[in-house]
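Below is one structure, written out as structure tokens, with a few remarks after it.
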Amino acid sequence: MNLIDMIFIVDDDPIHQQIAKIMIERQGISSNIRVFSDAQEVLDYFRENTKEAAALPDLILLDLNMPVMDGWEFLDEYAGFQAELPKSIKIFVLTSSIDEKDKERVRSYSFVSGYLTKPLSKEIISHLS
Amino acid sequence: MNIAMLDQHYRHLQHLEAAINACALSVSVNADGTISSVNNLMLNALQLPVSAIEGQLFEAILIPVNRDQWTAIVQKIAGGAAVQEQIGFLINGITPLWIEAGINPVFDDNGQLAQFLLIGLNITERKLSELRIQEDEQYFRQILENLPIGLQQFSPEGISMEMNSRQREIWGQDHPFLRQPDYNWLQDPQYRLNGLTRLFEEVREGRKTQKREILLNYTEKHYDDITRIYPVYFEATVFPVVDKQSNMANLFLILDDITEKKLAEISLQKSERLLDNIIENLPIGYIQFDNFGFIRRINQTQRNFFNSPHPAARRQFNVMNDEFATTFELDDLFQRALQENETIRLEKKVDFTKDARWTSVQREVYLDLTVFPVVNPIDKERIVVALVNDITDKKTQELENIKNQEFLLQTGQIGKIGGWELEVATNTIRWSDQAYHIHECLPGTPLTLDVLLNFYQTASRLNLAHHIETCIRTCKPFDVQLTFSLQKNIIKRIRCIGQADVTSGQPQRIYGVVQDITEQSAIRDALSRNTELMRLFFDTMDMGYAAMEPDGRLNFVNQKAEKMIGRKVPAGANIFEVFPKLSGTVFYARLQECIKQHTSQSFGIYFPLPDKWYDFLLTPMQDGGISVFIRDITESRKMQKELRKANDQLSNLNKNLVNQNKQLEDFAHITSHNLRAPIANLKALMQMHNEATSGQERELYLGMLHEVIKKIDETLNDLVEVVQIRKDVNVEKEKLYFADRLQKVKDILLVDIENSKIQITADFEKAPALVYSKVYLDSILQNFITNAIRYRSPERTPALRLQTWVENDAIILTVEDNGVGIDMERFGNKLFGFRKTFHKNKDAKGIGLFITKTQVEAMGGSIKAESKPGFGTKFIITFRPE
């Protein structure tokens, strides 16, 4: 039973990529999971597939602290084109930061569905769907 | 001969007679001299009836003009000869009749003269004309002969042909002209010398009359025993005379004695030159205007006075319309002199600074001007002459004298000084107005010595009487102060100075000044009191004070200052002598500054021997003296020093605290970000491991756990290194040469450098060394080289340029590569962050620049970066100045 068709995990930490992928698959939320090491890769993907709803994810788990392009930059870029997307995409920030300033800043992006702190757990995953 | 032939002859004769009668006069005269017949033309010529002619004596009717000629003719006729001559007659002794006559005798058969026949043409008119010409010629010749000027005719070759009496007189009887007929004056050097022959030749060549003045010779005049030689001047005129064929026939020389005129002219010229010379050398300026107002002449004095560098400059000057002249009303003067024909004399102040066109005097001058009209004796033109005398000096002196007098009067009034004199013989006193005023006595009141003495109080009176008496006796001058009372009990003090005017050993008069010194006396008294007060004031001050002259002479030193100096200071002593410790300090230089700038100077001097700090304040006073204030600030200096030390310590402490606080904040951030992530992974993996259903699954999680733990270990090690750097505040420092350290690092990275082919260049010439931690500097250099290799651009050979120099006492190191560069807009704020990477380089851990920054800042320096993606990066490190 796939509750979510496609999930993008965006994180530079390879261990975390593996953990998140295994946990989501084990919970049966989705079997279509794509992993990206930095936000620039996701942005490039979006630019190539803007019009194809089927190619777009339904949910994104986004880390903040990444090389090349971090989560913040991605959110700024995404804000510019999200209204034009053929479907609505849930974005959750998934970070190890417990800094209140980061939480506050994330809240300023209205299209972000939630701020999740690592580690990822069954409870968190069950709430994603 | 037949009748026919006779008849023919007769008719022929008749024709002949008729022809003769038609054009000629004829008269037949008998041998006795009576007229037998006349023809009609003769009758017409005689204007007499036939009856009055025929039978009359021929010589009575026609009287021969030339008796000798007629007598000769009659004799010839009587001799039987025919005569043909021009004969003049006077009809009735009055009317002339000239006949071109042919006279033929007619003889009778006996051969005796019977008649003579006179036939002739009437040539009276022509003959009279000829005679007139002859007469005229004779007349003119006579005139020429007797002309008062010399006239001489020459052939074109120069041979004298004729001359008149005057010319003969000029040349003299012995002249070759009169003695040698072939004398040619053109070959005579004398006339070559005086120019006469040259003149002759010029006329001969030019065929035009020419005139020249010639000094012909000298004449002697005898006055008793004295012989004087005078020059003889002639005006020589040579003119040509040509014949009808325009050939040069003759040349004439006219000599006119102009000696008198010439001598007069020379005399006039001499007079003119003398006058010129006088005018030119007049000690006053001379300006001559024409009646239009243009300057015609300026003499030397005036030229010097105007100092006009260009004489041409005044050519356009016209006194009537020149702006400068009209400004100073010189045009009015000119006009008045010209129109009213009067001489004007006045003094005028003229400001030459207002005109630079025709004078360079450029100052204000006083002129004594005399302007008068003069009629030019030659052309009767009226001219105006201005005599100019520069009286500036005199006038200035006059004005100065007036000023001085006024000044004396004013100063006398202000200073209340009057003059007095005593005439010893009469005992009378003369006072100046001011002296009367001082004594409050009506000016002009007659005074004697007794009256004068009565003005003063008894003691003063006796004193003055004594001094005057002594002065008269011994000529000893005196200077005394006297007192006298006025009404309302007002006391006046005066100073009276007197001295004798000695002539022939005995003083005739005593003279001097009196000065009202009432106020001065009062002021002097007050001043004395004030001085005493001031002394008391300065002595009570807790500060040294000295009043001194600019050369260091002390006028006053208060007790406190004497204490500082260590001894009593006499007035007049020099500060550098009584206070020798001042020598070699800034005191002298600051004193000079105070005198020169006339500003107060404040400075401190430390005297090591007594271990004292003194604060000095030098203040210039209005009278040129200097006030010196000295304050012992040893205690406050010491306290100040302590305080500054404590302050510095506090400041350092504060700085360290702020630094540590910042580091703590950074560290908390690093911990939260870089330690929480692997811990979270650990936590998740542990949960997954515990819930794993298979051993294989657990193995997978254990392997992942191992990875996470390894990463945690790395992170902790990095953090420990950073903490160590930050903690190690007193890291060992030594003098390091950049070149040495670079070489050392290059040796360590030899393999990487060679593989990457990076070209490293350096210029440490401007700042070759610094005092720093060797470990840190090596680490910094190694990190930059590693980064340059790691982030090199695949498009070009990697290069790294290091350079040092000094700026604001700090050593600057720049490290510039040509690598891929960093987008500073995006990553600038994270560049030196912990575990921040911006490239997908697998070796990038995001720790190198963080460590470098930590090492630079731990030593008090700073680091910044400039970069442009695709072009390279430049790091600028500023090391803290030592």
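What's the number of the only condition in (1) touching a strand residue (DSSP E or B) at 6+ places or on another chain (Cβ under 8 Å); (2) in a helix (DSSP H, G or I) that B:TRP420 fails to meet?
Evaluating B:TRP420 over (1) touching a strand residue (DSSP E or B) at 6+ places or on another chain (Cβ under 8 Å); (2) in a helix (DSSP H, G or I) leaves (2) as the failure.
Does B:ILE119 satisfy the criteria of being surrounded by 16 or more Cβ atoms within 10 Å (Cβ to Cβ), of a type outside the set (Lys, Arg) and touching a helix residue (DSSP H, G or I) at 6+ places or on another chain (Cβ under 8 Å)?
On the way: surrounded by 16 or more Cβ atoms within 10 Å (Cβ to Cβ): yes; of a type outside the set (Lys, Arg): yes; touching a helix residue (DSSP H, G or I) at 6+ places or on another chain (Cβ under 8 Å): yes.
Answer is yes for this residue.
Just to be sure I understand, how many residues within segment B:521-533 are free of Cβ contacts under 8 Å to residues at least 12 places away in the same chain and either among the hydrophobic types (A, V, I, L, M, F, W, C) or surrounded by 15 or more Cβ atoms within 10 Å (Cβ to Cβ) (or both)?
Step one: of segment B:521-533, the residues free of Cβ contacts under 8 Å to residues at least 12 places away in the same chain are B:522-533.
Restricting the remaining residues to those that are either among the hydrophobic types (A, V, I, L, M, F, W, C) or surrounded by 15 or more Cβ atoms within 10 Å (Cβ to Cβ) (or both) gives B:522-523, B:526-527, B:533.
The number of residues fulfilling the criteria is 5.
For residues that are within 9 Å of chain B (Cβ to nearest Cβ) and surrounded by fewer than 15 Cβ atoms within 10 Å (Cβ to Cβ), tally how many sit in segment A:13-70.
Selection size over segment A:13-70: 2.
Going by what's in this entry, would B:GLU213 be described as part of a helix (DSSP H, G or I) and of a type in the set (Asp, Glu)?
Numbers: part of a helix (DSSP H, G or I): no; of a type in the set (Asp, Glu): yes.
No: the conditions fail for B:GLU213.
Considering only segment B:358-374, I want to know if a residue exists there that is within 23 Å of B:ASN291 (Cβ to Cβ), within 19 Å of the chain's Cα centre (by Cα) and part of a loop (DSSP other than H, G, I, E, B). Step through it out loud before you land on a result.
The first filter runs over segment B:358-374 and keeps only residues within 23 Å of B:ASN291 (Cβ to Cβ), leaving B:358, B:367, B:369-374.
Subsequent filtering for residues that are within 19 Å of the chain's Cα centre (by Cα) retains B:358.
Subsequent filtering for residues that are part of a loop (DSSP other than H, G, I, E, B) retains B:358.
Checking segment B:358-374: at least one residue is within 23 Å of B:ASN291 (Cβ to Cβ), within 19 Å of the chain's Cα centre (by Cα) and part of a loop (DSSP other than H, G, I, E, B).
Hey, does segment A:77-89 have a residue that's away from chain B (no Cβ under 14 Å), of a type outside the set (S, T, N, Q), in contact with a His (Cβ under 9 Å, 6 or more places away or on another chain) and surrounded by 12 or more Cβ atoms within 10 Å (Cβ to Cβ)? Reasoning before the result, please.
Pass one, segment A:77-89, residues away from chain B (no Cβ under 14 Å): A:78-89.
Applying the additional criterion that residues be of a type outside the set (S, T, N, Q) yields A:78-81, A:83-87, A:89.
Remaining after also requiring in contact with a His (Cβ under 9 Å, 6 or more places away or on another chain): none.
No, because not a single residue in segment A:77-89 is away from chain B (no Cβ under 14 Å), of a type outside the set (S, T, N, Q), in contact with a His (Cβ under 9 Å, 6 or more places away or on another chain) and surrounded by 12 or more Cβ atoms within 10 Å (Cβ to Cβ).
Looking only at residues in segment B:706-716 that are more than 9 Å from chain A (Cβ to nearest Cβ) and surrounded by 17 or more Cβ atoms within 10 Å (Cβ to Cβ), which one is nearest to B:ALA677 (Cα to Cα)? If you could, list the steps in order and put the result at the bottom.
Kept after step one, since they are more than 9 Å from chain A (Cβ to nearest Cβ), are these residues of segment B:706-716: B:706, B:709-710, B:712-716.
The next check asks that each one be surrounded by 17 or more Cβ atoms within 10 Å (Cβ to Cβ); those that pass are B:712, B:715.
On the way: B:ILE712: 9, B:THR715: 11 Å.
Here the residue is B:ILE712.
With the structure loaded, tell me whether B:THR227 is touching a Lys or Arg at 6+ places or on another chain (Cβ under 8 Å) and β-branched (Val, Ile, Thr) or whether it fails that test.
Values: touching a Lys or Arg at 6+ places or on another chain (Cβ under 8 Å): yes; β-branched (Val, Ile, Thr): yes.
Answer is yes for this residue.
Are any residues in segment B:427-441 polar (S, T, N, Q) and either out of contact with any strand residue (DSSP E or B) (no Cβ under 8 Å at 6 or more places or on another chain) or buried (at least 18 other Cβ atoms within 10 Å of the Cβ) (or both), and if so, which ones?
Step one: of segment B:427-441, the residues polar (S, T, N, Q) are B:427-428, B:432, B:434.
Within segment B:427-441, B:SER432, B:GLN434 meet the criteria.
Report, by residue number, each residue of segment A:90-102 that is out of contact with any Gly (no Cβ under 8 Å at 6 or more places or on another chain) and within 14 Å of chain B (Cβ to nearest Cβ).
Applying the first criterion (out of contact with any Gly (no Cβ under 8 Å at 6 or more places or on another chain)) to segment A:90-102 yields A:90-91, A:94, A:96-102.
Scanning segment A:90-102 gives A:LEU94, A:SER96, A:SER97, A:ILE98, A:ASP99, A:GLU100, A:LYS101, A:ASP102.
Residues of segment A:106-129 being assigned to a loop (DSSP other than H, G, I, E, B), of a type in the set (A, V, I, L, M, F, W, C) and within 11 Å of another protein chain (Cβ to nearest Cβ), which ones?
Initially, segment A:106-129 is screened for residues assigned to a loop (DSSP other than H, G, I, E, B), giving A:108-111, A:118-121, A:129.
If we keep only those that are of a type in the set (A, V, I, L, M, F, W, C) as well, we get A:111, A:120.
Correct list: A:LEU120 only.
Mind listing whichever residues of segment B:676-732 are acidic (Asp, Glu) and more than 30 Å from B:GLY848 (Cβ to Cβ)? Explain how you work it out, then say what you get.
Pass one, segment B:676-732, residues acidic (Asp, Glu): B:691, B:697, B:699, B:707, B:713-714, B:718, B:721, B:728, B:732.
Within segment B:676-732, B:GLU691, B:GLU697, B:GLU699 meet the criteria.
Being more than 14 Å from every other protein chain (Cβ to nearest Cβ), in contact (Cβ under 8 Å) with a residue 24 or more places away in the chain, surrounded by 11 or more Cβ atoms within 10 Å (Cβ to Cβ) and β-branched (Val, Ile, Thr) is true for just one of B:ILE605, B:ILE679, B:ILE575. Which residue is that? Reasoning before the result, please.
Values: B:ILE605 fails: in contact (Cβ under 8 Å) with a residue 24 or more places away in the chain; B:ILE679 fails: more than 14 Å from every other protein chain (Cβ to nearest Cβ).
Exactly one residue qualifies, and that residue is B:ILE575.
Just one of B:ILE753, B:ILE725, B:ILE780, B:ILE760 is closer than 23 Å to B:ALA858 by Cβ and either in contact with a strand residue (DSSP E or B) (Cβ under 8 Å, 6 or more places away or on another chain) or in a strand (DSSP E or B) (or both); which is it?
Values: B:ILE753 fails: closer than 23 Å to B:ALA858 by Cβ; B:ILE725 fails: either in contact with a strand residue (DSSP E or B) (Cβ under 8 Å, 6 or more places away or on another chain) or in a strand (DSSP E or B) (or both); B:ILE760 fails: closer than 23 Å to B:ALA858 by Cβ.
Going through B:ILE753, B:ILE725, B:ILE780, B:ILE760 in turn, just one is closer than 23 Å to B:ALA858 by Cβ and either in contact with a strand residue (DSSP E or B) (Cβ under 8 Å, 6 or more places away or on another chain) or in a strand (DSSP E or B) (or both): B:ILE780.
Scan segment A:20-57 residue by residue and report those that are touching a residue at least 40 places away in the same chain (Cβ under 8 Å) and touching a Phe, Trp or Tyr at 6+ places or on another chain (Cβ under 9 Å).
Filtering segment A:20-57 for residues touching a residue at least 40 places away in the same chain (Cβ under 8 Å) gives A:20, A:23-24, A:27, A:29, A:56-57.
Selection gives A:LEU56, A:PRO57.
Given the structure, is A:LEU75 closer than 28 Å to B:GLU707 by Cβ, touching a helix residue (DSSP H, G or I) at 6+ places or on another chain (Cβ under 9 Å) and not basic (Lys, Arg)? Let's see the steps before the verdict.
Numbers: closer than 28 Å to B:GLU707 by Cβ: no; touching a helix residue (DSSP H, G or I) at 6+ places or on another chain (Cβ under 9 Å): yes; not basic (Lys, Arg): yes.
In short, no.
Would you mind finding the one in B:LEU800, B:LEU831, B:LEU781 that is in contact with a helix residue (DSSP H, G or I) (Cβ under 7 Å, 6 or more places away or on another chain), within 14 Å of chain A (Cβ to nearest Cβ) and within 24 Å of B:PHE871 (Cα to Cα)?
Numbers: B:LEU800 fails: within 14 Å of chain A (Cβ to nearest Cβ); B:LEU781 fails: within 14 Å of chain A (Cβ to nearest Cβ).
That would be B:LEU831, the only listed residue that is in contact with a helix residue (DSSP H, G or I) (Cβ under 7 Å, 6 or more places away or on another chain), within 14 Å of chain A (Cβ to nearest Cβ) and within 24 Å of B:PHE871 (Cα to Cα).
Residues that are touching a residue at least 24 places away in the same chain (Cβ under 8 Å): find the strands (runs of 3 or more DSSP E) completely inside segment B:1-89 holding 3 or more of those. So that I can check it myself, show each step before the final result.
Working: elements: B:25-30, B:35-38, B:62-64.
Qualifying strands (runs of 3 or more DSSP E): B:25-30, B:62-64.
Can you name every residue in segment B:787-807 that is of a type in the set (Phe, Trp, Tyr) and in a strand (DSSP E or B)?
Kept after step one, since they are of a type in the set (Phe, Trp, Tyr), are these residues of segment B:787-807: B:791, B:805.
Of everything in segment B:787-807, just one residue is of a type in the set (Phe, Trp, Tyr) and in a strand (DSSP E or B), namely B:TRP805.
Can you pull out the strands (runs of 3 or more DSSP E) entirely within segment B:490-605 that have at least 1 residues that are modelled with pLDDT under 85? If you could, list the steps in order and put the result at the bottom.
Details: elements: B:491-503, B:506-516, B:544-548, B:554-557.
Qualifying strands (runs of 3 or more DSSP E): B:491-503, B:506-516.
Can you go through A:ASP76, A:ASP58 and tell me which one is farther than 24 Å from B:LYS830 by Cα, modelled with pLDDT of 90 or more and charged (D, E, K, R)? Step through it out loud before you land on a result.
Values: A:ASP76 fails: farther than 24 Å from B:LYS830 by Cα.
After applying the criteria, what remains is A:ASP58.
For B:LEU702, indicate whether it is within 13 Å of chain A (Cβ to nearest Cβ) and either modelled with pLDDT under 85 or assigned to a helix (DSSP H, G or I) (or both). Give the derivation first.
Details: within 13 Å of chain A (Cβ to nearest Cβ): yes; either modelled with pLDDT under 85 or assigned to a helix (DSSP H, G or I) (or both): yes.
It is true that B:LEU702 is within 13 Å of chain A (Cβ to nearest Cβ) and either modelled with pLDDT under 85 or assigned to a helix (DSSP H, G or I) (or both).
Could you grab me the full set of residues in segment B:431-483 that are within 60 Å of the chain's Cα centre (by Cα) and either basic (Lys, Arg) or in a helix (DSSP H, G or I) (or both)?
Filtering segment B:431-483 down to residues within 60 Å of the chain's Cα centre (by Cα) leaves B:431-440, B:442-444, B:475-481.
B:ASP433, B:GLN434, B:ALA435, B:TYR436, B:HIS437, B:ILE438, B:LYS476 - these are the residues of segment B:431-483 that are within 60 Å of the chain's Cα centre (by Cα) and either basic (Lys, Arg) or in a helix (DSSP H, G or I) (or both).
Among the helices (runs of 4 or more DSSP H) confined wholly to segment B:225-331, which include 2 or more residues that are at pLDDT 85 or above and loosely packed, with under 13 Cβ neighbours inside 10 Å? Reasoning before the result, please.
Values: elements: B:259-280, B:300-306, B:323-327.
It comes to B:259-280.
Conditions (1) over 20 Å from B:ILE417 (Cβ atoms); (2) loosely packed, with under 11 Cβ neighbours inside 10 Å, marked per residue:
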{"site": "B:PRO443", "(1), (2)": "no, no"}
{"site": "B:LEU449", "(1), (2)": "yes, no"}
{"site": "B:LEU452", "(1), (2)": "no, no"}
{"site": "B:ILE468", "(1), (2)": "no, no"}
{"site": "B:LYS476", "(1), (2)": "yes, no"}
{"site": "B:ASP479", "(1), (2)": "no, no"}
{"site": "B:PHE484", "(1), (2)": "no, no"}
{"site": "B:GLN487", "(1), (2)": "yes, yes"}
{"site": "B:LYS492", "(1), (2)": "no, no"}
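The values are calculated or read from the model by the stated rules, or taken from the named source; none is laboratory data. Quick caveat: nothing in here was measured; it's all calculated off a predicted structure. Virtual Cβ from ideal backbone geometry, glycine too; neighbours counted across all protein chains shown.
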